[in-house]
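Peer 1: Sharing a structure here in structure tokens format.
The values are calculated or read from the model by the stated rules, or taken from the named source; none is laboratory data. Not measured: the values here are computed from a predicted model. So basically every Cβ, Gly included, is an ideal-geometry build from the backbone, and we count neighbours across all protein chains shown. Just so you know, the surface numbers come from the protein's heavy atoms only, side chains and all, with ligands and any DNA or RNA stripped out. Shrake-Rupley method; radii C 1.70, N 1.55, O 1.52, S 1.80 Å.
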Amino acid sequence: MATFKPLFISFEGIDGSGKSTQCKMLYHDLLDRGYSVHLFREPGGTRISEKIRDILLDNENMEMSAITEMLLYFASRNQLITEKLTPALKRGEIVLLDRFVDSTIAYQGYGRNLSLESIQKVADVAIGEVRPDLTILVDTPLETAEDRMDDRELDRLEAENEDFKQQTRNGYLQLARKEPQRFLVLDGRESIEVLKRTITERVNQLLETAS
Ligand SMILES: Nc1ncnc2c1ncn2[C@@H]1O[C@H](COP(=O)(O)OP(=O)(O)O)[C@@H](O)[C@H]1O
Ligand SMILES: [Mg+2]
């Protein structure tokens, strides 16, 4: 079953917030219901973008400048948009992204203190008018998120300090306040099942208006 209108949903939140858990469950749920749906992770999702991901997350690349980091995220993202996202939306399919441009604004803007204007300029080139129909922000306190990452080997950004992570979380919340229509903000301390139910309800509403 194809949707008659394309649907683009992004998932956001700090590491350990629980976003991958939710977007995978939504992906399988929509597949089971017969929808044409894709799930990509950022950075990544294409052969080239996965190579850029390796550079970005490599713990050896500690000398990477904040601007190099920001440009690489957008390079990966543009490749994903060009190769996968736009073609799928043109076919009237559903695309779920585990992170999108709000991650760059939250992490490199609010977290690394790059100017939001400079990020916007690059975004104009790299993503143009592409915006999610819905962005699900799983907002989870740092302590809870850290507890959930206990047995995970940390990548370069996951290994960042507490201030960086707090600024990132606050950045996300500011973005959500600026665009309340696009964002669904969830309390990440809720159980996996409760969060899933809230997400499914909102997505079903969108699917109803899409058909
Ligand atoms: N709502 C939740 N309550 C308790 N544990 C959760 C919840 N959501 C996710 N988890 C667990 O926390 C860990 C991190 O979740 P994950 O979805 O990978 O986070 P993220 O993708 O945001 O880094 C996983 O082990 C997952 O099973
Ligand atoms: Mg994840």
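Peer 1: Among the listed residues Tyr107, Tyr172, identify the single one that is within 16 Å of ligand 1 (Cβ to nearest atom), touching a Leu at 6+ places or on another chain (Cβ under 6 Å) and not basic (Lys, Arg).
Peer 2: After ruling out the rest, the residue left standing is Tyr172.
Peer 1: So which residues in the range 18-50 are more than 14 Å from ligand 2 (Cβ to nearest atom), in contact with a strand residue (DSSP E or B) (Cβ under 7 Å, 6 or more places away or on another chain) and aliphatic (A, V, I, L, M)? Talk me through it step by step, then tell me what you get.
Peer 2: Residues of the range 18-50 that are more than 14 Å from ligand 2 (Cβ to nearest atom), as a first pass: 28-38, 46-50.
Applying the additional criterion that residues be in contact with a strand residue (DSSP E or B) (Cβ under 7 Å, 6 or more places away or on another chain) yields 30-31, 35-38.
Hits for the range 18-50 are Leu30, Leu31, Val37.
Peer 1: Would it be correct to say that Lys84 is of a type in the set (Lys, Arg), part of a helix (DSSP H, G or I), more than 16 Å from the chain's Cα centre (by Cα) and surrounded by fewer than 19 Cβ atoms within 10 Å (Cβ to Cβ)?
Peer 2: Answer is no for this residue.
Peer 1: Please verify whether the range 92-100 includes one or more residues that are farther than 30 Å from Asn170 by Cα, touching a residue at least 24 places away in the same chain (Cβ under 8 Å), open to solvent by 10 Å² or more (accessible area, probe 1.4 Å) and not in a helix (DSSP H, G or I).
Peer 2: Yes.
Peer 1: Which residues, counting only those in the range 17-45, are more than 16 Å from Leu89 (Cα to Cα), within 15 Å of ligand 1 (Cβ to nearest atom) and not hydroxyl-bearing (Ser, Thr, Tyr)?
Peer 2: Gly18, Lys19, Gln22, Cys23, Lys24, Met25, Leu26, His28, Arg41, Glu42, Pro43, Gly44
Peer 1: Continuing with the same structure: Is there a residue being within 14 Å of the chain's Cα centre (by Cα), in contact (Cβ under 8 Å) with a residue 40 or more places away in the chain, within 14 Å of Leu97 (Cα to Cα) and crowded, with 18+ Cβ neighbours inside 10 Å anywhere in the range 55-74?
Peer 2: no
Peer 1: Could you list, in sequence order, all residues of the range 7-48 that are farther than 22 Å from Asn170 by Cα and aromatic (Phe, Trp, Tyr)?
Peer 2: Phe8, Tyr27, Tyr35, Phe40
Peer 1: So which of Ile14, Ile9 ends up being part of a loop (DSSP other than H, G, I, E, B) and within 16 Å of ligand 1 (Cβ to nearest atom)?
Peer 2: The match here is Ile14.
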